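Colleague: Structure incoming, see below.
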Amino acid sequence: MTPGVSGPLPAISVILCTRNRAALFDKAMASVVAQDFPRSAYEIVVVDNGSTDHTAEVAQRYASQAEVRYLREDRIGLCVARNTGWRSAAAPHVALFDDDAVAQPGWLAAIADAFARSPGDVGVIGGRVDPVWLAPRPDWLADEIAGALTIVDWGPDEKPIVDLRREWLVGANMAAPKAVIAEVGGFHPWLDRVGANLLSSGDVHLQMEIVRRGYRCLYVPAMAIAHLAPPSRLTQAWFIKRFYWQGISDAVMEIIDTAPSRKRRVELAARRLTRLARSPGRLKALSLPTAEAATFRAKCLALIDVGYAWGILGAAGR
């Protein structure tokens, strides 16, 4: 593996963070090195986030097929690992990729083409993410909540993302100029996975920061990947936990952005719980088990309110 950078600089640095998922990481690496893209035009920066399996050996195997730099980051956390990755990137453009994803043919070319065509005010691009169902999709899983599995499809045409509350890009398939990421300070370490929790939204918060500085987000469907949907995530228990933690994630973003006082936190929690209390349908869905898709969707959305209330009051330790 390449310990440093020498010779001509690559155009794209692929940042691939991983922790104790060597078998999945192997498939992700294989999909990147299989791209029809000049070897000299990209590098893969592997950030091993404290793995105890054979991740390092897997990375070593690909050193003969691509420019691979292996970094060890023992401070656990996805945002921490991603920050280590982009700060070490040699290329002017950084592409984020997940260890449980598979890059589709033309992925790197689509990234390079989008940046070549885009005006200077484009601060971040992202593409389509198709699910790979490793078990049958449950009947209770409505499209509106299936996105929690990192499914993204905003249509067949390239377009700007103008409202990040309704449409967004995901860190599994997102790219940005390194200088823009540096300008906004990178990923906030209070967000996203740390160990086994389901904290999220580090990628969305980064996009919000980029937009606040006058840049645009661009959806590029040709920049496509597939993302695994394993049986462990195709359970109601996982979705219940995921949407509760989405509420906590939303609360943490509020704390980061506005630093609310204790009084303000209480007001925000009360406002959210009052809104929930005024929705009998959501309250009923929250309290009852269900196999019906619309009702389970309502339960998940109600759990965001519950999670937000607890999170803003300090359940996330902030």
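The values are calculated or read from the model by the stated rules, or taken from the named source; none is laboratory data. Predicted, not measured: the structure shown is a model, and the values here were computed from it. Neighbour counts run over all protein chains shown; Cβ positions are idealised from the backbone, glycine included.
Colleague: Having 1 or more residues that are in contact with a strand residue (DSSP E or B) (Cβ under 8 Å, 6 or more places away or on another chain) and either among the basic types (Lys, Arg) or closer than 21 Å to Ile145 by Cα (or both) is the bar; report the helices (runs of 4 or more DSSP H) wholly within the range 220-318 that clear it.
Modeller: Because the criterion is at least 1 residues that are in contact with a strand residue (DSSP E or B) (Cβ under 8 Å, 6 or more places away or on another chain) and either among the basic types (Lys, Arg) or closer than 21 Å to Ile145 by Cα (or both), no helices (runs of 4 or more DSSP H) in the range 220-318 meet it.
Colleague: May I pose another question? Among the residues of the range 111-129, what is the count of those that are crowded, with 16+ Cβ neighbours inside 10 Å and at pLDDT 95 or above? Write out each step before concluding.
Modeller: First, the residues of the range 111-129 that are crowded, with 16+ Cβ neighbours inside 10 Å: 111-112, 114-115, 118, 122-129.
Restricting the remaining residues to those that are at pLDDT 95 or above gives 111-112, 114-115, 122-129.
Of the residues in the range 111-129, 12 are crowded, with 16+ Cβ neighbours inside 10 Å and at pLDDT 95 or above.
Colleague: Among Leu134, Leu108, which is the only one that is buried (at least 20 other Cβ atoms within 10 Å of the Cβ) and within 17 Å of His227 (Cα to Cα)?
Modeller: Of the residues listed, the single one that is buried (at least 20 other Cβ atoms within 10 Å of the Cβ) and within 17 Å of His227 (Cα to Cα) is Leu108.
Per-residue answers, yes or no, for (1) in the same structural domain as Gly120 (by TED's automatic domain parsing); (2) closer than 27 Å to Pro160 by Cα; (3) surrounded by fewer than 16 Cβ atoms within 10 Å (Cβ to Cβ):
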{"residue": "Arg193", "(1), (2), (3)": "yes, no, no"}
{"residue": "Arg216", "(1), (2), (3)": "yes, yes, no"}
{"residue": "Ala251", "(1), (2), (3)": "no, yes, no"}
{"residue": "Ile255", "(1), (2), (3)": "no, no, no"}
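Colleague: Kindly establish whether Leu96 is under 26 Å from Pro189 (Cβ atoms) and crowded, with 21+ Cβ neighbours inside 10 Å.
Modeller: Criteria met by Leu96.
Colleague: For the range 116-135, does any single residue satisfy the condition of being of a type in the set (Lys, Arg) and either within 24 Å of Arg82 (Cβ to Cβ) or outside the structural domain of Asp48 (by TED's automatic domain parsing) (or both)?
Modeller: The initial filter retains those residues of the range 116-135 that are of a type in the set (Lys, Arg), namely 117, 128.
After this cut, where a residue has to be either within 24 Å of Arg82 (Cβ to Cβ) or outside the structural domain of Asp48 (by TED's automatic domain parsing) (or both) as well, the list is 128.
Yes: one or more hits.
Colleague: I've got another one for you. Looking at (1) in contact with a Gly (Cβ under 8 Å, 6 or more places away or on another chain); (2) surrounded by fewer than 22 Cβ atoms within 10 Å (Cβ to Cβ), which one does Gly202 not meet, given that it meets all the others?
Modeller: For Gly202, the exception is condition (2).
Colleague: Please verify whether Asp153 is under 24 Å from Val184 (Cα atoms) and either surrounded by 20 or more Cβ atoms within 10 Å (Cβ to Cβ) or in contact (Cβ under 8 Å) with a residue 12 or more places away in the chain (or both), treating the condition exactly as stated. Can you show your working first?
Modeller: Details: under 24 Å from Val184 (Cα atoms): no; either surrounded by 20 or more Cβ atoms within 10 Å (Cβ to Cβ) or in contact (Cβ under 8 Å) with a residue 12 or more places away in the chain (or both): yes.
Here the answer is no, as Asp153 does not meet what is asked.
Colleague: While we're here: Condition first: part of a helix (DSSP H, G or I) and more than 19 Å from Tyr308 (Cβ to Cβ). Now tell me which residues in the range 169-211 satisfy that. Break it down stepwise before answering.
Modeller: Looking only at the range 169-211, we keep the residues that are part of a helix (DSSP H, G or I), and these are 178-184, 202-211.
Passing the criteria: Lys178, Ala179, Val180, Ile181, Ala182, Glu183, Val184, Leu206, Gln207, Glu209, Ile210, Val211.
Colleague: Which one is nearest to Ala28 (Cα to Cα) among residues in the range 218-236 that are β-branched (Val, Ile, Thr) and buried (at least 17 other Cβ atoms within 10 Å of the Cβ)?
Modeller: Among them, the one singled out is Ile225.
Colleague: If we scan the range 238-252, do we find a residue that is under 19 Å from Glu209 (Cα atoms), free of Cβ contacts under 8 Å to residues at least 24 places away in the same chain and within 26 Å of the chain's Cα centre (by Cα)?
Modeller: Within the range 238-252, not a single residue is under 19 Å from Glu209 (Cα atoms), free of Cβ contacts under 8 Å to residues at least 24 places away in the same chain and within 26 Å of the chain's Cα centre (by Cα).
Colleague: To continue, here is another question. Among all residue pairs at least 6 apart or on different chains, which show Cβ distances below 7 Å where the first residue, located in the range 298-311, is outside the structural domain of Arg262 (by TED's automatic domain parsing) and the second is among the charged types (D, E, K, R) and buried (at least 21 other Cβ atoms within 10 Å of the Cβ)?
Modeller: Matching pairs, first to second residue: none at all.
Colleague: So, one more: Inside the range 137-163, can you point out the residues that are part of a loop (DSSP other than H, G, I, E, B) and farther than 19 Å from Gly202 by Cα? Quick ask: steps written out before the conclusion?
Modeller: Kept after step one, since they are part of a loop (DSSP other than H, G, I, E, B), are these residues of the range 137-163: 137-142, 150-151, 153-158, 162-163.
Scanning the range 137-163 gives Arg137, Pro138, Asp139, Trp140, Leu141, Ala142, Asp153, Trp154, Gly155, Pro156, Asp157, Glu158.
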